[in-house]
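Presented below is the structure to which this report refers.
The values are calculated or read from the model by the stated rules, or taken from the named source; none is laboratory data. All values derive from a computational prediction rather than experimental measurement. Cβ: placed from backbone, ideal geometry, glycine included. Neighbour counts: every protein chain shown. All accessible areas refer to the heavy atoms of the entire protein, side chains included, with ligands and DNA or RNA removed. Shrake-Rupley method; radii C 1.70, N 1.55, O 1.52, S 1.80 Å.
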Amino acid sequence: MSGLAALPGGDDTIVATATAPGRGAVAVIRLSGARAKENARALGAFGGLGGATPIPRRTSMVALVHPDSGEPLDAVLVTWFAAPRSYTGEDVVEIATHGGLVSPARVLAACQAAGARLALPGEFTRRAVGNGRLDLLQAEAVADLIDARTSAMHRQALAQLDGGLSRRLQALREEVIHLEALLAYDIDFPEEDDGPIAPARIADAAAALREALVALLRTAPRGAMVRDGVLVVIAGPPNAGKSSLFNALLGDARAIVTPIPGTTRDAIEALLDRQPVPLRLVDTAGLRDTDDEVERLGIEVSARYLSQAQVVLACGATAAEVAHTLDVVRPRTPGVVVPVRTKQDLATSAHGADAEGAATAVPVSAERGDGLDALLAAIDAAVSETAPLRPDEPVVVTRERHRAGLSGALEEIDAFAQAWATGALPPPVAAVHLLAAREAIAELIGVVDTEDVLDRVFRDFCIGK
């Protein structure tokens, strides 16, 4: 790949702080490039060795000095990683300074004074891709690992970093190449002794490839759930116990809970880290007619959340309230609606049969914690209706870029299969669809050198990674 060509000075030695700024025990400065070792040596990083070459992967404690003034900088730990056995595939030096703001900033400035250039966001990982240490999918997994907010996101990012999705896509690409080879043989050698390739064999290969693409695309909804969480909206009339239920599910007092109707004027969102997928819980304003302008705006926000929800908890303190909430929310949401009977710690025997449908609602008490496990199980069952939960699935499509690329490849395979079945196009023309499918898959892995794709992948990386 020539992806580094788009970066200023792609062959320069780059430097950046690889740890978050602020107070801490240690900060790490990372150098990468052909002159990384010489740059660090100018600061005295290998001072005790004289002119000798440092031993790769051995950490040494040294006192760094400024390359121009000789002023002491910090007592640090220095590790050299020789190319190509480093993160970027280039010579890399990592300098662990004391934490805080001053020490790492002074060492970073000294590295720049010695000739290193400040790295751009994602440039270390982009060089790793350019040097074949990672493919594009693994680079995205690095970003996902850093950004992971839940254990499910973390686990999936590790699986992708291990190359599971890359291997699956590479296998799909090889299947396209095999299909192209069959078609080329049929076109170029129709009179061979063994005869031309049977049309059914090519059709069967295209069908098998299509099935594999569809199977991988089916994981996209689960991948979105792992990445963003399942959107679970808690809806109901004012004072129905929605905020208390929200807080009880989170185990934290995130929403204000009072007996005054209309307390929640806006939606409150929080992420609940749990297995098999995280939940994006949303506490919404009570659904009712109101003349209060602020409360009305909050109800409009609730309606927008309902229109996007994957699961809606239709709450009510009585069976009659639950039935009313069901009538209100069902026309407003595409999600699965779970009826919930709240405030069961206050329920009396008179509430048991005051409306039809009470038996289908999940009874909960936010005050005592009763019924919360049953409610979470009901949410899991609701999620499975639209996207079956497969916590053991090793390969999942997690990004819109992946879904779009696979969808494009599938469209091309379908177009080829249609042309082949009907004979609408000559085989050499129909083969153009196979080429487009192969390139769509290759672009996902990073086999195709496409600068705008690289820019999209790395633009949100942090500096130092």
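Tabulated results
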{"item": "Subset of the stretch 141-174 (residues that are in contact with a Leu (Cβ under 8 Å, 6 or more places away or on another chain), hydroxyl-bearing (Ser, Thr, Tyr) and part of a helix (DSSP H, G or I))", "result": "Ser166"}
{"item": "Every residue from the stretch 164-197 that is open to solvent by less than 40 Å² (accessible area, probe 1.4 Å), of a type in the set (Val, Ile, Thr) and modelled with pLDDT under 80", "result": "Ile197"}
{"item": "Strands (runs of 3 or more DSSP E) enclosed by the stretch 35-126 - at least 3 residues per element that are without any contact (Cβ under 8 Å) to a residue 40 or more places away in the chain", "result": "59-65, 72-81"}
{"item": "Given (1) at negative phi; (2) part of a loop (DSSP other than H, G, I, E, B), index of the condition Gly132 fails", "result": "(1)"}
{"item": "Inter-residue pairs, beta-carbon under 9 Å, first of a type in the set (Val, Ile, Thr) and in the stretch 416-438, second in a helix (DSSP H, G or I), 6+ apart", "result": "Val429/Ala419; Val432/Glu412; Val432/Phe416"}
{"item": "From Ser302, Ser307, Ser349, residue being surrounded by fewer than 18 Cβ atoms within 10 Å (Cβ to Cβ), modelled with pLDDT under 85 and of a type in the set (Gly, Ala, Ser)", "result": "Ser349"}
{"item": "Selection within the stretch 63-111 - of a type outside the set (Lys, Arg), loosely packed, with under 15 Cβ neighbours inside 10 Å and within 27 Å of Asp11 (Cβ to Cβ)", "result": "Asp68, Pro84, Ala109"}
{"item": "Criterion violated by Arg127 - all others in (1) more than 25 Å from Leu444 (Cα to Cα); (2) in contact with a Leu (Cβ under 8 Å, 6 or more places away or on another chain); (3) of a type in the set (Lys, Arg) satisfied", "result": "(1)"}
{"item": "Residue check, Gln138 part of a helix (DSSP H, G or I) and modelled with pLDDT of 90 or more", "result": "yes"}
{"item": "Qualifying positions in the stretch 121-176 - closer than 23 Å to Arg30 by Cα and among the basic types (Lys, Arg)", "result": "Arg126, Arg127, Arg133"}
{"item": "Gly22 being modelled with pLDDT under 95, closer than 21 Å to Gly122 by Cα and among the small types (Gly, Ala, Ser)", "result": "yes"}
